[in-house]
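**Q** Sharing a structure with you now.
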Amino acid sequence: MGFTVTYLDPKPNSVSQRIMSLELKAQKGDTVSVHYIGKFPGGKIFDTSMEKEAKSAGLYNAARDYHPLMVVLGTGKVIQGFDEALMGMKVNEEKEVVIPPEKAYGKSGNHPMAGKTLQFKLRVTNIKRP
């Protein structure tokens, strides 16, 4: 009586890559896709990546693309507190964070959001490692 051994193809496929990406924890240099809702203390929404939320908050802009924001962590392209909040998050993880002015737009200055504490609800949709 004989038997046959079948070896699985060692090349990663989209399913195994997807499973692997679900286990990744975001780190410096990763490109993280994230949906977000930005609010002031008290609940007033000032920005969001989600069309439905933008419409319900009266912020909808037809010229804007409502998709997850893509951020390369550690490059300074977003405010410090936002970048730090994404570190260590996994795909499909949600987090609510409060970012003080010193980790947002500064305690004072010319930016309209200077001196403001910001709140974000974050949901990571993808992590791509270089």
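**Q** Pairs please, first residue from segment 86-107 and among the small types (G, A, S), second anywhere and not in a loop (DSSP other than H, G, I, E, B), Cβ atoms under 7 Å, 6+ apart in sequence or on different chains.
**A** Here the result reads A104/G81; A104/L118, each pair linking segment 86-107 to a residue that is not in a loop (DSSP other than H, G, I, E, B).
**Q** Can you name the number of the only condition in (1) hydrophobic (A, V, I, L, M, F, W, C); (2) under 18 Å from L122 (Cα atoms); (3) at pLDDT 95 or above that L22 fails?
**A** Against the list (1) hydrophobic (A, V, I, L, M, F, W, C); (2) under 18 Å from L122 (Cα atoms); (3) at pLDDT 95 or above, L22 comes up short only on (3).
**Q** Still on this structure, I have one more. Out of all the residues in segment 82-127, which are more than 19 Å from E23 (Cα to Cα) and aliphatic (A, V, I, L, M)?
**A** Matches in segment 82-127: V97, V98, I99, A104, M113, A114, L118.
**Q** Working only within segment 49-76, note down all residues that are among the hydroxyl-bearing types (S, T, Y) and more than 14 Å from T125 (Cβ to Cβ).
**A** Of everything in segment 49-76, those that are among the hydroxyl-bearing types (S, T, Y) and more than 14 Å from T125 (Cβ to Cβ) turn out to be S56, Y60, T75.
**Q** State all residues of segment 77-102 that are under 23 Å from I127 (Cα atoms) and not hydrophobic (A, V, I, L, M, F, W, C); if no residue qualifies, say none.
**A** K77, Q80, G81, D83, E84, G88, K90, N92, E93, E94, K95, E96, listed by residue number.
The values are calculated or read from the model by the stated rules, or taken from the named source; none is laboratory data. Since the structure is predicted, the reported quantities are computational estimates derived from the model, not experimental observations. Neighbour counts are summed over all protein chains in view; Cβ atoms, including those assigned to glycine, are modelled from backbone coordinates with ideal geometry.
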